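One structure, pasted below without further comment.
The values are calculated or read from the model by the stated rules, or taken from the named source; none is laboratory data. On a predicted model such as this, the values are computed, not experimentally measured, just so you know. Here the Cβ positions follow ideal geometry from the backbone for every residue, glycine too, while neighbour counts run over all protein chains shown. These area figures cover heavy atoms from the full protein model, side chains too; ligands, DNA and RNA do not enter into them. Shrake-Rupley method; radii C 1.70, N 1.55, O 1.52, S 1.80 Å.
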Amino acid sequence: MPFRESVCLSRSKALFKNSFLVIFIACLVTILNFVPCIWFTFLFVELRKDFNATAVRTGWLGSLMWTTSFALSPVSAVFEEHLGVKLVALLGTALSSVSLFVSSFVPDMIWLFITIGGLYGFSMCLLMHSSLRMFCYLFNESKNQRALSLLYAGPYLGALLGNGAIQSMFIEQGWRITLRYMSVVMSAAMPLVILFYRDRSHEQSAMSTPTPPSVNIKRNEVTKETTSSQEDASKCHKNPSFQAEDESQNESSFKRTSREDLPRNVPHIVNESGIHAKPTGTVEKEPQRLKTFIRSVDSWLIGLSITSTFAAISIYQLNIVSHYWNIGSLNANDIWLLMTVTNISDIVSRLAVAVTGGRFFCRPITFVIFIELLLALVSFLYSVMTSLYPLLVLSFMQGFCRSALVVMSFAAAVDLLSSDVADYVITLVMYGQGVGYLVGALPAGAIFDVTSSYKLAFYLVALLFVTSAGILIFLYIRSSRRRRNRKISVRKESRERQPRVSLVSYNSVTMVTRQ
């Protein structure tokens, strides 16, 4: 086996094993730190009782927590550029433990907005964004989707295992003691981050392969031979007829290239969404790439769709237990069963995405549109169902579809934009999620405070899902047209680039033959 292939094979095997170890550790760290976000729906009920707060005020606390967990992703991206992934993840784990411990001593609801809504939410943003960015460095697009699915499945697995215990602790020992236990357990994630998280520079050094001197010598010889052959070929074109024909062909090809934005003589490639992507072998300045991404209309529309989606999802993350308690026919055991079924469906959905890599026999954007419309129907049924068994079915469907949206939002955005801007897509999706949580929980709480029911809130949720699906359908049609036009232009260019026989040279050769 050649030297280069043997070295690449051995290092790829080592990276394969170490990378999946990193996935396991990242999932464990996420379980320890992100589970309190999922259990906030239990804390919602306890805080309303303890502080005699309204649903709007309590929901605003959870909304602020989820908002800072996602919407501050640009801040996390800046930190990662200067400090690295490992230090940012370590800062997030340390801050999460401290923030919950301090929250257990606060005397008023206002302080919880600072400690839980601000500090704890920001710590989760640092941890999640740095983990996603590390996966972006480690894996390609399909494997990155699987790793992301496993990462997001971790907290729901922890919630599934601890739902009964945490619900009883909130009732028997109070929310303050429960938060202190959580903070102690969360501090155990710090050594794992120090030992197993990786920075991009480490991956680049690990992927670099030494080249033996003989290979360099052969490359130089090949380069010299190629240069000399090109010079000999250029000497052959001294005939004016050849020069005239070559100039006309070069001019026509340049016009076609500039007209169709093909990657032959231009520094950028225009992808399906209109964003200039980097071709292979070229280097594009980072500020210019960011400006192009921000100015794209598709980026703004995707952000609006994600905001609408997670504004609708926020009622399930924050108010669903309150909705179950408002139904008189359900007791504490029924609510535990409903939440357990939801967590099981969450895990099933995320594992399904991890196994399939997000490929459900269609484009990711097509799958996301279908899930949006299905969730609109589920939300409408939530407003009319009040018995346990129909609610169990709705809980499973709601958890499965909601988790599929959370995980597949990244793949759908990349599908509409480009894999060359995947790092920006992570920030865009997380920011849209955070803004959605910010604006979604308040209307639901206000409706409950006025009507003592979430019926109208579920109508609003269904409308938001339909709106988001409509935006994605519009972007899907635009993307499909651009892909089709691009394929047609590439085929046309390939036909025009086929070698043609020069009429001038053919006539001259014919005359010489006849003589």
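For residue 48, what accessible surface area do you get with a 1.4 Å probe? Give it in Å², rounded to 10.
70 Å²
Right, next: What distance in nm separates the simple spin-label points at residue 463 and residue 114, each placed 7 Å from Cα in the Cβ direction?
3.8 nm
Additional query: Scan the range 93-193 for chymotrypsin sites (Phe, Trp or Tyr not before Pro) in coil per DSSP, keeping those whose Cβ has at most 14 other Cβ atoms within 10 Å, and list them by number. Write out the running numbers ahead of the final one.
Numbers: sites: 101, 105, 111, 113, 120, 122, 135, 137, 139, 152, 156, 170, 175, 181; in loops: 105, 139.
Passing sites in the range 93-193 are 105.
So if we plug the beta-carbon distance of residue 483 and residue 105 into 1/(1 + (r/R0)^6) with R0 = 56 Å, what FRET efficiency do we get, rounded to 0.05?
0.50
Within the set of other residues whose C-beta is less than 10 Å from the C-beta of residue 178, count the net charge using Lys and Arg as +1 and Asp and Glu as -1.
Taking every other residue near residue 178 into account, the sum is 0.
Order of 81-92, 300-311 by packing, highest average Cβ count within 10 Å first?
Details: 81-92: 20.3, 300-311: 23.2.
By packing density, highest mean first, the sequence is 300-311, 81-92.
Another question about this same structure. Quickly work out the residue 439-to-residue 176 label distance, labels modelled 7 Å from Cα along the C-beta direction, and quote it in nm with one decimal.
Distance between the two pseudo-spin positions: 3.8 nm.
Express the carbon and sulfur contribution to the solvent-accessible surface of the range 331-430 as a percent, rounded to the nearest whole number, probe 1.4 angstrom.
77 percent
Expected output is a single nm value to one decimal: the length gained when fully extending between residue 381 and residue 456, i.e. 0.36 nm times separation in residues minus the C-alpha distance. What is it?
Net length gain for the segment: 25.8 nm.
Find how much the distance from residue 51 to residue 359 grows on full extension, using 0.36 nm per residue of separation minus their present alpha carbon separation; answer in nm with one decimal.
Answer, rounded to one decimal: 106.2 nm.
Between residue 139 and residue 78, what FRET efficiency comes out of the Förster formula 1/(1 + (r/R0)^6) with R0 = 25 Å and r the beta carbon distance, rounded to 0.05? List each step's numbers first, then the result.
Working: r = 23 Å, r/R0 = 0.94.
Once the sixth-power term is evaluated, E becomes 0.60.
Any idea of the accessible area per residue across the range 55-107, 1.4 Å probe, to the nearest Å²?
Averaged over the residues of the range 55-107, the accessible area is 36 Å².
Among 454-460, 62-68, how do they line up by average Cβ neighbours within 10 Å per residue, starting with the highest?
The packing order, highest mean first, is 62-68, 454-460.
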